[in-house]
Structures are given as structure tokens and as C-alpha cells.
Amino acid sequence: MDFGVDNPTPAVVAIDLHRGHLDPEVATMPLEAERAAKIVEANGVFFDACREAGIPIYHIVTRYRDVAEIRSNPFWRTRADDPNATRKNVERHNLDGLPGCEVMPRLWREGDRVVDTKKRYDCFVATDLDFTLRRHGINTLLITGVNTSSCVLATAIRANVLDYASVCIEDCVDTMDGPVLHEAALTCLRAAFGWVMSAEEALGHFAA
């Protein structure tokens with residue numbers, strides 16, 4: 001398959017696979033427990049295969065110093081006042097020092113890389129993600145994580161705009177916003193921003 005880049009050099013960009021979404025005991029914006037367990041295991045299997053193939057893994061983790069960094073977003077401020085919003089806990093989500101900021105233990109291995117200054121849906125905003133990817137010659141992103149309908153979508157769009165080949169691993173992403181928005185996000189990505197494929201397909205293209 002032609003991914004539009006010379007000598008495709010991939011890395012996994014694993015978005016917000018932390019306890020704040022995926023550990024029912026501490027999550028402030030939880031993915032439903034059964035789906036959370038499924039997405040952790042799917043990513044764990046994929047990551048193990050990527051490590052075996054020498055594909056680096058970048059864990060991107062949301063972390064805020066204080067509530068002011070959260071409330072400066074106008075839309076999020078309104079979600080905190082809506083008891084029915086999926087993001088109603090936004091003002092107490094992944095504040096520095098809370099256990100939610102930890103990558104799920106199943107998914108972390110020595111040698112993985114961490115970018116833990118993410119503050120918005122787009123993983124490139126206020127982080128050094130673009131810098132470290134380019135310094136290591138990465139031109140192709142294998143994107144996994146949560147939420148498909150916000151952070152995954154925003155990051156894949158920005159990756160396209162920055163001229164990376166953007167590949168969303170569809171069995172390694174999910175959203176607390178529900179299956180309709182999950183599928184809608186994947187449809188948007190397929191239409192205009194990059195490739196959507198299974199972990200098995202991606203490994204078939206890149207593991208060699």
C-alpha cells in the first residue's frame with residue numbers, strides 16, 4: 001500500500017490510555033468498564049507486536065497543573081455545569097498528582113516514550129510531540145486510544161495537516177461518547193485525513 005511518504009517510518013501514538021479514562025476505580029471520565037477492558041487488551045496485544053517489530057510507542061497523557069488550565073477552554077467550562085454531559089467532570093480530570101494521569105500498567109513497558117503535557121484534544125498543542133517525532137525520523141503515525149470522537153480525531157487531523165501519514169487503528173480506539181460518534185469519527189478520517197485499518201492490517205504493512 002502506498003502511504004504517500006518515502007520510506008515509511010512508523011511510530012505508535014497512544015492517546016490517553018491512562019487510568020483517568022480506563023480504570024473504573026479512579027476514572028473521572030470513564031469509558032464503560034467492559035469496553036475499557038477490551039480496549040486495554042487490544043492495545044496491549046498491538047503494542048507487544050509493535051515492540052517486537054521495533055516500532056516505538058509514544059504514550060500521550062493529559063495532565064493539568066490546575067483547574068485554570070482547564071476552564072480557559074470556553075466549551076469545557078459549560079460542560080462542567082451540565083450534569084448530563086459526558087465531560088461533566090472535566091474540571092477534576094487528570095489534575096497533576098491524581099492517579100488518573102498514570103498510563104494503564106498493562107500498556108507501559110520500559111523503553112516506551114511519554115509525552116505528558118497534553119492539555120487539549122489535539123496532542124500536538126502545548127507538547128513536544130512533533131519535535132520528538134521529527135527528531136527520530138518518524139513520518140507515519142499509528143494512532144490508538146481514546147476518545148475516537150475527540151482526541152483521536154483532532155490528533156489525526158492535525159497529523160494530516162502537518163504532513164504525517166496518519167493511520168488510525170480501528171480496533172484500538174473507542175469513545176465514551178458512544179458507538180454512533182465512534183463510527184462518525186472513523187468515517188471522517190477515512191474521507192479526508194488518513195487511513196483506518198485493523199491492528200492486524202497495520203502490522204502486516206509495517207511490522208516488517
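Please find, within region 1-10, the residue that is surrounded by the fewest Cβ atoms within 10 Å (Cβ to Cβ) out of those that are part of a loop (DSSP other than H, G, I, E, B) and touching a strand residue (DSSP E or B) at 6+ places or on another chain (Cβ under 9 Å).
MET1
Which numbered condition in (1) among the charged types (D, E, K, R); (2) more than 19 Å from ALA33 (Cα to Cα); (3) surrounded by 18 or more Cβ atoms within 10 Å (Cβ to Cβ) is the only one that ASP174 fails?
It is condition (2) that ASP174 fails.
Do you know which residues across region 49-65 are surrounded by fewer than 15 Cβ atoms within 10 Å (Cβ to Cβ) and under 24 Å from MET29 (Cα atoms)?
Selection gives ARG65 alone.
Pairs under 6 Å by beta carbon, first residue within 17 Å of ASN139 (Cβ to Cβ) in region 34-58, partner at pLDDT below 95 and of a type in the set (Gly, Ala, Ser), six or more apart or different chains?
Every condition considered, the pairs that remain are ALA53/ALA207.
Kindly check whether there is at least one residue in region 78-85 that is in contact with a helix residue (DSSP H, G or I) (Cβ under 9 Å, 6 or more places away or on another chain), among the polar types (S, T, N, Q) and either at pLDDT below 95 or within 13 Å of VAL13 (Cβ to Cβ) (or both).
Looking through region 78-85, none of the residues is in contact with a helix residue (DSSP H, G or I) (Cβ under 9 Å, 6 or more places away or on another chain), among the polar types (S, T, N, Q) and either at pLDDT below 95 or within 13 Å of VAL13 (Cβ to Cβ) (or both).
Report the residue count in region 11-48 for those that are touching a Gly at 6+ places or on another chain (Cβ under 7 Å) and surrounded by fewer than 17 Cβ atoms within 10 Å (Cβ to Cβ).
1
So if I check each of LEU153, LEU133, LEU186, LEU95, which one is surrounded by 16 or more Cβ atoms within 10 Å (Cβ to Cβ) and within 13 Å of VAL12 (Cα to Cα)?
Answer to the check: LEU133.
Residues of region 98-116 being in contact with an Asp or Glu (Cβ under 9 Å, 6 or more places away or on another chain), under 17 Å from VAL12 (Cα atoms) and of a type in the set (D, E, K, R), which ones?
Of everything in region 98-116, those that are in contact with an Asp or Glu (Cβ under 9 Å, 6 or more places away or on another chain), under 17 Å from VAL12 (Cα atoms) and of a type in the set (D, E, K, R) turn out to be ARG106, ARG109.
Given (1) touching a Pro at 6+ places or on another chain (Cβ under 6 Å); (2) under 22 Å from LEU22 (Cα atoms); (3) among the β-branched types (Val, Ile, Thr), where does ILE55 come up short, assuming only one miss?
Condition (2) is where ILE55 drops out.
Where in region 22-98 are the helices (runs of 4 or more DSSP H), entirely inside, with at least 2 residues that are within 17 Å of the chain's Cα centre (by Cα)?
Helices (runs of 4 or more DSSP H) meeting the threshold: 33-52.
Output the number of residues of region 160-208 satisfying the condition of being of a type in the set (A, V, I, L, M) and in contact (Cβ under 8 Å) with a residue 40 or more places away in the chain.
10
Mind telling me which of the residues ALA185, ALA165, ALA126, ALA154 ends up being farther than 26 Å from PRO30 by Cα and not polar (S, T, N, Q)?
That would be ALA165, the only listed residue that is farther than 26 Å from PRO30 by Cα and not polar (S, T, N, Q).
The values are calculated or read from the model by the stated rules, or taken from the named source; none is laboratory data. All of these numbers come straight from a predicted model, not from anything done at the bench. Using ideal geometry, Cβ is built from the backbone for each residue, glycine included, and neighbour counts are taken over all protein chains shown.
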